[in-house]
Structure formats: structure tokens, C-alpha cells
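The values are calculated or read from the model by the stated rules, or taken from the named source; none is laboratory data. This one's a predicted model, so the numbers in the text were calculated from it and none came from an experiment. Here the Cβ positions follow ideal geometry from the backbone for every residue, glycine too, while neighbour counts run over all protein chains shown.
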There are 2 protein chains.
Amino acid sequence: MKRKKKKETASRPQAADLLLLGGTVLTLDDQDTVHPDGAVAIQKDKIVAVGPRRAIERRYRSRRVLDARDHLVLPGLVNAHSHVAMTLFRGVSDDQELLTWLEKYMFPLEARFVSADFVRWGARLACWEMIASGTTTFADGFFFSEVVAKVADETGLRAVPGQGIFDVPTPDAKNSAAGLRRAEKFLADWRGHPRITPSLFPHSCYTVAPETFRRVQQLAARYDVPVQVHLAESQSEMTMVRERYATTPVRHLANLGVLDGKVVAAHCVWLDEEEIRLLAEHKVSVVHCPESNMKLGSGVAPVPQMLAAGLTVGLGTDGPASNNDLDMFGEMATAAKLHKVHTLDPTQIPARTALRLATRGSAAALGLGEQIGSLEAGKKADIITVATSGPNALPAYQPESQLVYATRADAVQTVIVEGKILMERRRLRTLDTEAIRRRCLRFQRQIAAALPD
Amino acid sequence: MKRKKKKETASRPQAADLLLLGGTVLTLDDQDTVHPDGAVAIQKDKIVAVGPRRAIERRYRSRRVLDARDHLVLPGLVNAHSHVAMTLFRGVSDDQELLTWLEKYMFPLEARFVSADFVRWGARLACWEMIASGTTTFADGFFFSEVVAKVADETGLRAVPGQGIFDVPTPDAKNSAAGLRRAEKFLADWRGHPRITPSLFPHSCYTVAPETFRRVQQLAARYDVPVQVHLAESQSEMTMVRERYATTPVRHLANLGVLDGKVVAAHCVWLDEEEIRLLAEHKVSVVHCPESNMKLGSGVAPVPQMLAAGLTVGLGTDGPASNNDLDMFGEMATAAKLHKVHTLDPTQIPARTALRLATRGSAAALGLGEQIGSLEAGKKADIITVATSGPNALPAYQPESQLVYATRADAVQTVIVEGKILMERRRLRTLDTEAIRRRCLRFQRQIAAALPD
């Protein structure tokens, strides 16, 4: 009797706030552990246990249980480079030469329309799209970053909004000094937030002066925040930087002494081998944006070489004016395929690597590798479930391949960030989608009326 | 009074079998006419009128009306190259070298598993996926083509099944003579079917002997049917053909005298300018399969040059063992982006061109250009509607851009082929999806158990 009682005590289940039971759990841990009939236990904002369903059921009880049978369960996707408010410019000027796109469309439209209100509704629309497609964290670089932070906070998403800093007038600052003041206030106001990491976004080598880059670096060091920058994206950037500084963008920043572990460099299409080593030595992270690079005709980033050099590489959609969506499933599939055709080698960027880029890779690139990117005890509970009921999920031989090559974003069913459910069975819980639609249609009418012929 | 009566008589509406009312109707006619608040009237299997909603409402009445407000209405997509039964091998061997993929996986798996029953269930699964993603016509090249034809007929889809012909033993013929006999019976049995165009599929220059190609050509001429073939897909094909025939695949077929207007050549990745002219002179049609070419590391087909040379070019997904889906929306987006990055020119293959490849281009490539590919009076009523309720459909400035760059296949709501509704508000009407799921899961277990380690 005594012995039996003791055993019962030892196996008495602990209370959890939320249990996901059943389904194929892809942990994305160091060993790429997959639990074919797995479970995840969540306590407050964190994962407390991941493992086989029977083991988790023995150890945990909860009044809130999500049935994940016949689903894939994986870390939420991390979009490491975007300009989310530009959803409102989605499809406004496709199939154009890069300079036409920028000078005839983007710059005049931004000057005319971008305001705090524009950013608010554009970001809300983007958060709707991102939650509905399985993204739980996004990095952003734009204006009125405090508004992006506020919207992300309201919707429950995790975000790394970056305050845009330029040496030309912008919608929220007349010069870089004003931009830096704005940025510092932004960093001070949002420091310590559990889900929002404020950051800096000096736009690029061709729009930000050397001295401004140094000030940005000092500010980032003082507040310990990431510095997002566009780097070596296109041949036109290479030409501009060569004409102005007689070198390449990467070497220019290295010469300025501003390359360090806080720098998150988007694109990095045009790199030579020495530059890849330079980035690796300075612990710069790279964000690969294959669809944007394709659509703007920018080029193909040497991602296999970057990974071989030990660089931290994440994945991003870029802004919806150049992609034209925020769909990380599409981005994974494109990344996996693009490098195969570019190298004529079908073993490059296998499905497992593409999935890692979009989860652990992006998380590490944004400095959040300790908190998110995998399903492991102690990490934040940022989790998505993916239905396998569609015809394209049949048959299924290998879950990473299924996710990367055959899953559309509409298969995402439930989205959890910090233990809070933002979407359940495709029903959004934190956004008024009808209000967003109405307001965005008003913006659409105004913007359409202002488009050049 | 008299005058009034006359007017009433003149404007008395005609009866239609089905009316689609409202929505933005993209006709894809020669002028790319778009009716922003349009309508389509259908009588039996054909479109009888397309135009502004008010005009159609005045002219036609019907007891069956589909409300297409807030939708895009366009011709059904035409998948001009696939191997639909290979859905059952979806994701079985990704990220492999081409020869490993073929010799370690595809050939042994086909030899072991492909039967009439395999083709039946694989094709049913594929039809489910195709209808649910807005494809109304598919071309297929495989074995047991009479089974593919029967499944397409049952489901209501339009199809161009091609009987595979090889000079090696296959699952349905021990040599090319047996394959040709099978093929002739297939052509005879299905000739004159309103939706099924039987065709021939001599696999490639490296699996079909010269004499067999000549017999195929004669048979095709006798029955007036298309000849599908893989052509100049990969560097390994180029090498094999060079070693065997001391020339390129295109020149080899030209030398044999078998290039003519019936030939539908899939892939055509490795062409020089003279070969593009050769194909144009012989009125050969080409089917571009960008995602398969990317995933297998085959290369990038010179589509802009083909179009400039006046070639008829369609779009196809290829088989789900190498793609890994049958999603023509994804294929359009990839086609539009791939050529931009390959040429570093963002004006290549604009959205409008990508949409034309997937509709009129594919229809013309398959010899069905008179019947389908656009919404015009007299053409077959093969129509899809696409919802614009998702966040990625907001805002919308240009419908072709919206369809190609921002629409996922799950936005397809209603699918009509020959005036018959195959899917309405995403409910499939002609397939027992649960029976398909059960049977495909059985195949999955058998195939998974047979996979090499």
C-alpha cells in the first residue's frame, strides 16, 4: 500500500496553462528531433516540456488542451526582414525597372502618403496576413516605428521594429539628426518589453552618411539593440557605392568600423568570398530575401557559401511592395528551389535547411536565438500548428519536405505567441479584420487616384 | 403603347443555364479586356456572352445564378505538363542528385508500384488538388492513360492524357511496339470525347529510339492528336543525347523529321538561338515548368527569347514528385520572378504574361486554343472565381498583378468546366475526398515501407 501511494505521488501530474496534444512535433532542436505523436506543455509564456504525447500526458494536466492530432506542430516562423506598412503599396508598381520603381512610384508615394495613420493600418493589415500565414515574429524597417511596435503589441505578435534613419528628409524626420533623436526615444520607450525589441534601421550605404552610421552604432551599443541595414542588394547599389566611396558596400561599412554582431544585413546578394569572410569575422547576420531579389531582378545571394562560412542566415519576405506578400511558406519553398537552379545542384538548400533559415536562423539573426526558433523547454511558447487535411498534404513521407515543398500558408491552423493563442482553427482573436478591410480600402482609393499613368 | 410593347419584346431576356454576376471579369481576350463589374452567361457547355453586368442582366435570365461580387472571374488555369498519378510519390525523394532521384527512387518505385489502381487513385488525388487550386484542364504523360482519362472524365475536368511510350519495359508495356498498340487503342477509344483529348507521350530522346519517334508521328497524324515529349530538360540529357547521336535533342528530332505542329515539348531549358528558331519554324509548342526545373537543378528555360521568336508557350507544374504540387498559382508567380532574376531585368515576364502562359498559352500549346483559354462568347465555359477576402488581396491596384503575385490557390472559390460546377465555395462536387484520403494513405504506408534508407 505504502509503495503504491508513493508511486502515485511521484507521478501526480503538474498543472500546465496549455497543452498541445498529438500531431507530429518538429522541435527544430540541435538534433532536429521529431516526435511523431508528440505534445507540448506551456506554462505562462514559456514551453515547459516537449516530447512524446504519452510522456507529456503523464506529467502534465491542463484545463486548456488543444488537439493537434493530424497536424504538424512547429516553431512559429520568423520573418527577419520586412517593411510591413508597405502592404498598402502592395502591387502598386510591378514589373518595373528598379529605378522607375523607386523614383516614379515608391519615393513619391511614401512622401505623399506615409503618416502615423498609414503605418498603423498598413501594419495591422500586415499582422493579419502574418498571423494567418504562421509568422509569429517579424522584423520591420520603416518610419513611425513606435506605431509598428504598438500594433505588434496589440496583436500579440513578437516584433523587432527598426526606426528608419536616412540623410535625406523622410516622412518622420527632416534629417538624420532628427531621425536619431526619434530613434533614441523609441529605444528608451520600448526597452525591456517582453515581445517588442526596438531596433535601428539605417537604410543603406547610399542613403546614410558615414558619420550617421557611426552614430547609429554608438546608439545601438548603448541600448544593446540590433541594427538592420540593406546591404549589397542590387547592381545599382554597387555602382552608387563604388562611385561615391570607391569600394563595395560591405568593405565601406568595414572601413567605417561599424560591422559588428549587432548588424543584421538584408539581401547581401553581391558578395565576393572575401566579403563573406569579412561578415563572418565581424559576426554580422544576414537575412536572405529570395522572392524580393527575384522580383526586383536584383540577383541571387550566395547563401550556400554563407552557410559554409558559418554565417548566421535568416529568411525574410521584404516589403509587400516588392514581393508581394508576407508569406514565409512561399519564401521557404523559393529559397530551397532558387539555389538549386542557380548552382544546377539539386542538393543545395534542402528542405531541412530552408525550414531552419525560417525559424532558428531568423531568430538567431535578430538576436533572439535564446528565446525562440525551436520548441524546447525554457524557450518562449511561439508555436504554430499546420493541418494535413488538404490534398497537397497527401501522401506525406518526410515532414520537413512536406512543409517546405507542398504546404501552403492557408494550412496554418493555430498560432501561439508567448503562450497566448492569436489564431485558433484560422479564427483570428486579436484583430478586427473588418475594420482593417474598410480602412485599407479607403487608403487604396486615395493611393490609386494618385498613381502616375 | 405599341412602341412600348415592341421595346419590351426587343429587350425580353433570353434564357441562360447559368449566370455569373458581378466581380472583376478578366476575359484574357486579344485586348485583355477587363470588366470591373462584369458577368458571364453560360448555355450548356459554352459561354454565350461576357460583358458588363448590367448589359448581361438585361439580355439574360437564368434560374441558376452565381454571385461573383468581390471576386475575380477568369478562365480556368491550364496545366500543360504533369504526371498526375505521381502525386503518390510526392516528396518521396527530395534534394537528391538527378540520377540518384531517378535511379535510386523513381525507376524502382515505378517498377514496383505503378499499376492501373495506382494510377486511378493517384489521378483522383491529383484531380482533387487541381480542382481545389483552380486548374480546369491538365495534360498528363504517364502509363495506363485510359485510367487517367476515365478519372478526368468522372471528375468533370478537361484533360489531355498522353500514353507513355518507351523503348524499355514499362509498367504497362514490355516494349515500344506494345506501347504503340496500347496507345492506338487509347486514341481510338477516346476520340471525339468533348473533354478528353487522348494523346501520345514518347518520353524523351534518351528513352525512345528514332524509329519509335517516327511511328509515334505517324500515329499522331492518323488520329490528329498532340505528341508530348520531354525535350532539352537537363545537362545530363544533353550529354546522353550528344554521346548517342552526336547532336542536341532538338536537332536530333529535327533530323528525324518528327518536329511538327503536333509536338508539345516540355522544359526546353537548354536551347540555343538556332534551336529556338527551329522550334518556331516547325510550330512546336513549348511547356515551361519553372518550379520543377528549379527543384531538380535543371536550369532556366529561355522563355523571353521563345516568346520573342513567336513560339507558343504554356505553363506546367510537372509531376508532384519533382515540384511537389500541382499549384498553377505558385507556378505563375515563380515564372514571373525566375526570369527577372535570371536576366537581372525586372521587366521580364510581367504579371500579364505569366497569366497568359497559364491560360491562353497552355491552351494553344495543347491544341485547344479555339476552345478554351479565354472568356469569350463561343468558347467552352471553363471558368474560375477567386475570392478577394483574404488579407493578401488588400489593397488591389491591378488584377493581373494581384492574381500572379499575391493570390494563393486557396482563394479559388468556384470551378466550372463545360458549364458544370465542379467546386462551389470550395466544396467539391464530383469527388469523394474521404475515400481518396483513405486509399492514398494505404499507398503511402506501402511506399514508405519500400523506400531505400
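Condition (residue is under 27 Å from B:VAL151 (Cα atoms) and small (Gly, Ala, Ser)) applied to segment B:225-245: is it met by at least one residue?
No, because not a single residue in segment B:225-245 is under 27 Å from B:VAL151 (Cα atoms) and small (Gly, Ala, Ser).
Among the residues of segment B:174-204 satisfying the criterion of being outside any helix (DSSP H, G or I) and without any contact (Cβ under 8 Å) to a residue 40 or more places away in the chain, which is surrounded by the most Cβ atoms within 10 Å (Cβ to Cβ)?
Only one residue fits best here, namely B:PRO202.
Cβ-Cβ below 7 Å, separation at least six or inter-chain, first residue in segment B:86-108 and farther than 21 Å from B:LEU326 by Cα and more than 7 Å from every other protein chain (Cβ to nearest Cβ), second assigned to a helix (DSSP H, G or I) and polar (S, T, N, Q): which pairs?
B:LEU99/B:SER236
Criterion first (under 16 Å from B:GLY361 (Cα atoms) and surrounded by 24 or more Cβ atoms within 10 Å (Cβ to Cβ)) does B:SER285 satisfy it?
It is true that B:SER285 is under 16 Å from B:GLY361 (Cα atoms) and surrounded by 24 or more Cβ atoms within 10 Å (Cβ to Cβ).
Check B:LEU375 against each of (1) away from every other protein chain (no Cβ under 12 Å); (2) of a type outside the set (Ser, Thr, Tyr); (3) farther than 13 Å from B:LEU72 by Cα; (4) not in a strand (DSSP E or B) and name the one condition it does not meet.
All conditions pass for B:LEU375, except number (3).
Kindly indicate whether any position in segment A:419-429 is in a helix (DSSP H, G or I) and in contact (Cβ under 8 Å) with a residue 12 or more places away in the chain.
Scanning segment A:419-429 turns up no residue that is in a helix (DSSP H, G or I) and in contact (Cβ under 8 Å) with a residue 12 or more places away in the chain.
Consider A:LEU102 against the criteria (1) at pLDDT below 95; (2) over 24 Å from A:LYS295 (Cα atoms): it satisfies all of them except one. Which criterion is unmet?
(2)
In the set A:ALA333, A:ALA254, A:ALA309, which member is farther than 19 Å from A:VAL241 by Cβ, at pLDDT 95 or above and over 20 Å from the mean Cα position of the chain (by Cα)?
Every option except A:ALA309 fails the conditions.
For segment B:236-251, does any single residue satisfy the condition of being in contact with a His (Cβ under 8 Å, 6 or more places away or on another chain), away from chain A (no Cβ under 12 Å) and outside any helix (DSSP H, G or I)?
The answer is no; no qualifying residue exists.
For (1) farther than 19 Å from A:ASN293 by Cα; (2) surrounded by fewer than 24 Cβ atoms within 10 Å (Cβ to Cβ); (3) not assigned by TED's automatic domain parsing to the domain that holds B:ALA409, each residue gets a yes or a no:
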position: B:VAL300; (1), (2), (3): no, yes, yes
position: B:GLY316; (1), (2), (3): yes, no, yes
position: B:GLY319; (1), (2), (3): yes, no, yes
position: B:ASN323; (1), (2), (3): yes, no, yes
position: B:ALA333; (1), (2), (3): no, no, yes
position: B:LYS337; (1), (2), (3): no, no, yes
position: B:LEU344; (1), (2), (3): no, yes, yes
position: B:THR347; (1), (2), (3): no, yes, yes
position: B:ALA358; (1), (2), (3): yes, no, yes
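For segment A:83-93, does any single residue satisfy the condition of being in contact with a helix residue (DSSP H, G or I) (Cβ under 9 Å, 6 or more places away or on another chain), among the polar types (S, T, N, Q), under 30 Å from A:GLU237 (Cβ atoms) and modelled with pLDDT of 95 or more?
Checked against the condition, which is being in contact with a helix residue (DSSP H, G or I) (Cβ under 9 Å, 6 or more places away or on another chain), among the polar types (S, T, N, Q), under 30 Å from A:GLU237 (Cβ atoms) and modelled with pLDDT of 95 or more, segment A:83-93 yields at least one hit.
Can you pull out the residues in segment A:240-271 that are within 18 Å of B:VAL341 (Cα to Cα) and of a type outside the set (A, V, I, L, M)?
Answer for segment A:240-271, where residues must be within 18 Å of B:VAL341 (Cα to Cα) and of a type outside the set (A, V, I, L, M): A:HIS267, A:CYS268, A:TRP270.
List the helices (runs of 4 or more DSSP H) inside segment A:88-173, counting only whole elements, that have at least 3 residues being surrounded by 20 or more Cβ atoms within 10 Å (Cβ to Cβ) and of a type outside the set (Gly, Ala, Ser).
Answer list for segment A:88-173: A:116-132, A:145-155.
So in segment B:330-372, with the set limited to residues that are among the aliphatic types (A, V, I, L, M) and not in a helix (DSSP H, G or I), which one is nearest to the other protein chains (Cβ to nearest Cβ)?
This residue is B:LEU344.
Only residues that are small (Gly, Ala, Ser), assigned to a helix (DSSP H, G or I) and within 12 Å of chain A (Cβ to nearest Cβ): list them for segment B:271-307, please.
B:SER292
Which of the residues spanning segment A:205-230 are of a type in the set (Asp, Glu) and part of a loop (DSSP other than H, G, I, E, B)?
A:ASP224
Output the residues belonging to segment A:72-87 that are under 27 Å from A:THR407 (Cβ atoms) and not in a strand (DSSP E or B).
A:GLY76, A:ALA80, A:HIS81, A:SER82, A:HIS83, A:VAL84, A:MET86, A:THR87, listed by residue number.
Could you tell me whether any residue of segment B:386-406 is over 25 Å from B:GLU110 (Cα atoms), more than 12 Å from every other protein chain (Cβ to nearest Cβ) and crowded, with 24+ Cβ neighbours inside 10 Å?
Yes: segment B:386-406 contains one or more residues that are over 25 Å from B:GLU110 (Cα atoms), more than 12 Å from every other protein chain (Cβ to nearest Cβ) and crowded, with 24+ Cβ neighbours inside 10 Å.
Determine, yes or no, whether A:ARG69 is of a type in the set (Lys, Arg), in contact (Cβ under 8 Å) with a residue 24 or more places away in the chain and either assigned to a helix (DSSP H, G or I) or crowded, with 20+ Cβ neighbours inside 10 Å (or both).
No, not satisfied.
Among the numbered conditions (1) away from chain B (no Cβ under 14 Å); (2) in contact with a Leu (Cβ under 7 Å, 6 or more places away or on another chain), tell me where A:SER322 comes up short.
In the conditions (1) away from chain B (no Cβ under 14 Å); (2) in contact with a Leu (Cβ under 7 Å, 6 or more places away or on another chain), A:SER322 misses (1) alone.
Please pick out the residue among A:HIS230, A:HIS193 that is in contact with a helix residue (DSSP H, G or I) (Cβ under 8 Å, 6 or more places away or on another chain) and over 28 Å from A:GLU243 (Cα atoms).
From the options A:HIS230, A:HIS193, the qualifying one is A:HIS193.
Failed condition for A:ASN392, given (1) in contact with a strand residue (DSSP E or B) (Cβ under 8 Å, 6 or more places away or on another chain); (2) part of a helix (DSSP H, G or I); (3) outside the structural domain of A:MET294 (by TED's automatic domain parsing); (4) of a type outside the set (Lys, Arg), with all others met?
(1)
Output the number of the condition that A:ALA409 fails; it satisfies all remaining conditions of (1) within 12 Å of chain B (Cβ to nearest Cβ); (2) loosely packed, with under 14 Cβ neighbours inside 10 Å; (3) within 26 Å of B:GLY330 (Cα to Cα).
Unmet for A:ALA409, out of (1) within 12 Å of chain B (Cβ to nearest Cβ); (2) loosely packed, with under 14 Cβ neighbours inside 10 Å; (3) within 26 Å of B:GLY330 (Cα to Cα): (2).
Looking at this structure, is A:ALA265 crowded, with 24+ Cβ neighbours inside 10 Å, among the aliphatic types (A, V, I, L, M) and over 23 Å from A:VAL404 (Cα atoms)?
Taking the combined requirement at face value, the residue satisfies it.
Does A:LEU441 satisfy the criteria of being more than 30 Å from A:VAL300 (Cα to Cα) and without any contact (Cβ under 8 Å) to a residue 24 or more places away in the chain?
yes
Residues in segment A:61-75: is at least one in contact with an Asp or Glu (Cβ under 8 Å, 6 or more places away or on another chain), modelled with pLDDT of 95 or more, small (Gly, Ala, Ser) and closer than 30 Å to A:LEU394 by Cα?
no
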